[in-house]
């Protein structure tokens, strides 16, 4: 390996975001080293420190997380180990190595009780273990001394892994009518679009010591509910000759889960636009690309 290669350590390599970060068109001279749970136990802080010290990384993108929101309610220790203590270990190790850390976080740090989009400066008040543990990771990174960017996102979907788009297509093939929650609002996020945003941020952090640091939000643009999202998935799928189903809206109370969800997950893009010039495209356009990959391009 040439000394001029900028190697970036990416965690959660097999996940939606990790997959898309590896598919990104990184500039020449960059090397993405994506690892997953088989390569590094994120509950082992000493192993994290050793991994960061293993070679002269240019940056770390910590996209791995304990994301089983409902299971987290009964797996408190594991959720906090992966979502809070692992970022703490990465922060400490990155500070020691004098390299930037990009930490991915979530809309679940908010209570979801605001009318408009959440600003990066709004007060946090997580409703459950997942959001609280992710907030713990944010606090750990902020106080680690590492140059860092924290990017909160929401409703991540892609053509890979387990996500809402793939679930709707699977269940829609089995049933004519589906009930979907209609009183939780947000904006879906393409893992590919998020990856491109993180690529731009990471590259800037590596090449510009004065690059903006702190906390930012990224999701696709627009505002919908889960039921509205489902209806658009089936509308676009039908255009491609794929499955379709009728969506019956229900309330959160009609679909009880162990963990409470934020009623409003809309994230403001003002901060990321001002600092990095990133302007997300509409979620419907991002969904179209995902369905192109899953089903095929729109039929004439």
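The values are calculated or read from the model by the stated rules, or taken from the named source; none is laboratory data. It should be emphasised that the depicted structure is a prediction, and the values quoted were computed from it without experimental measurement. All Cβ positions, even for glycine, are placed from backbone atoms using ideal geometry, and neighbour counts span all protein chains on display.
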Quick test of your reading of the structure: residue 10 fulfils all but one of (1) assigned to a helix (DSSP H, G or I); (2) in contact (Cβ under 8 Å) with a residue 40 or more places away in the chain; (3) closer than 22 Å to residue 152 by Cα. Name the failing condition by number.
(1)
Hey, can you tell me all the residues within the stretch 278-300 that are assigned to a loop (DSSP other than H, G, I, E, B) and within 28 Å of residue 111 (Cα to Cα)?
278, 279, 280, 281
Residue 280 fails exactly one of (1) over 18 Å from the mean Cα position of the chain (by Cα); (2) modelled with pLDDT of 95 or more; (3) farther than 15 Å from residue 185 by Cβ, namely (1)
For the stretch 66-80, check the following and say yes or no: at least one residue is in a loop (DSSP other than H, G, I, E, B), crowded, with 17+ Cβ neighbours inside 10 Å and either in contact (Cβ under 8 Å) with a residue 60 or more places away in the chain or within 17 Å of the chain's Cα centre (by Cα) (or both).
yes
Among the candidates 33, 104, which residue alone is assigned to a strand (DSSP E or B), crowded, with 18+ Cβ neighbours inside 10 Å and within 20 Å of the chain's Cα centre (by Cα)?
104
Given the criteria touching a strand residue (DSSP E or B) at 6+ places or on another chain (Cβ under 7 Å), surrounded by 19 or more Cβ atoms within 10 Å (Cβ to Cβ) and either at pLDDT 95 or above or within 18 Å of residue 185 (Cβ to Cβ) (or both), does residue 112 qualify?
yes
Those residues of the stretch 225-261 which are in a loop (DSSP other than H, G, I, E, B) and under 30 Å from residue 74 (Cβ atoms) amount to 251, 255, 256, 257, 258, 259, 260, 261
Per the filter on the stretch 22-50, residues within 24 Å of residue 133 (Cα to Cα) and in contact with a strand residue (DSSP E or B) (Cβ under 8 Å, 6 or more places away or on another chain) are 34, 35, 36, 40, 42
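So is residue 89 part of a helix (DSSP H, G or I), in contact (Cβ under 8 Å) with a residue 24 or more places away in the chain and touching a helix residue (DSSP H, G or I) at 6+ places or on another chain (Cβ under 9 Å) or not? Let's see the steps before the verdict.
Numbers: part of a helix (DSSP H, G or I): yes; in contact (Cβ under 8 Å) with a residue 24 or more places away in the chain: yes; touching a helix residue (DSSP H, G or I) at 6+ places or on another chain (Cβ under 9 Å): yes.
Considered against the rule, which asks whether it is part of a helix (DSSP H, G or I), in contact (Cβ under 8 Å) with a residue 24 or more places away in the chain and touching a helix residue (DSSP H, G or I) at 6+ places or on another chain (Cβ under 9 Å), residue 89 comes out as yes.
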Just for the stretch 245-263: of the residues that are more than 24 Å from residue 235 (Cβ to Cβ) and loosely packed, with under 15 Cβ neighbours inside 10 Å, which one is farthest from the chain's Cα centre (by Cα)?
253
Checklist (1) surrounded by 19 or more Cβ atoms within 10 Å (Cβ to Cβ); (2) out of contact with any helix residue (DSSP H, G or I) (no Cβ under 8 Å at 6 or more places or on another chain); (3) closer than 28 Å to residue 14 by Cα applied to residue 170, failing item
(1)
Quick check on the stretch 264-277: of everything there that is surrounded by fewer than 18 Cβ atoms within 10 Å (Cβ to Cβ) and outside any helix (DSSP H, G or I), which residue is nearest to the chain's Cα centre (by Cα)?
268
Of all the residues that make up the stretch 174-210, how many are under 19 Å from residue 8 (Cα atoms) and either in a helix (DSSP H, G or I) or in contact with a strand residue (DSSP E or B) (Cβ under 8 Å, 6 or more places away or on another chain) (or both)?
17
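Based on what the data block shows, is residue 215 in contact (Cβ under 8 Å) with a residue 60 or more places away in the chain, in a loop (DSSP other than H, G, I, E, B) and touching a helix residue (DSSP H, G or I) at 6+ places or on another chain (Cβ under 9 Å)? Explain how you work it out, then say what you get.
On the way: in contact (Cβ under 8 Å) with a residue 60 or more places away in the chain: yes; in a loop (DSSP other than H, G, I, E, B): no; touching a helix residue (DSSP H, G or I) at 6+ places or on another chain (Cβ under 9 Å): yes.
Against the criterion (in contact (Cβ under 8 Å) with a residue 60 or more places away in the chain, in a loop (DSSP other than H, G, I, E, B) and touching a helix residue (DSSP H, G or I) at 6+ places or on another chain (Cβ under 9 Å)), residue 215 does not qualify.
I'd like to know if the stretch 153-172 contains one or more residues that are within 18 Å of residue 274 (Cα to Cα), touching a strand residue (DSSP E or B) at 6+ places or on another chain (Cβ under 7 Å) and touching a residue at least 60 places away in the same chain (Cβ under 8 Å). Talk me through it step by step, then tell me what you get.
Initial filter on the stretch 153-172 (within 18 Å of residue 274 (Cα to Cα)): 153.
This time we only want the ones that are touching a strand residue (DSSP E or B) at 6+ places or on another chain (Cβ under 7 Å), so: 153.
Pick out the ones that are also touching a residue at least 60 places away in the same chain (Cβ under 8 Å) and you get 153.
Yes, there is a match, as at least one residue in the stretch 153-172 is within 18 Å of residue 274 (Cα to Cα), touching a strand residue (DSSP E or B) at 6+ places or on another chain (Cβ under 7 Å) and touching a residue at least 60 places away in the same chain (Cβ under 8 Å).
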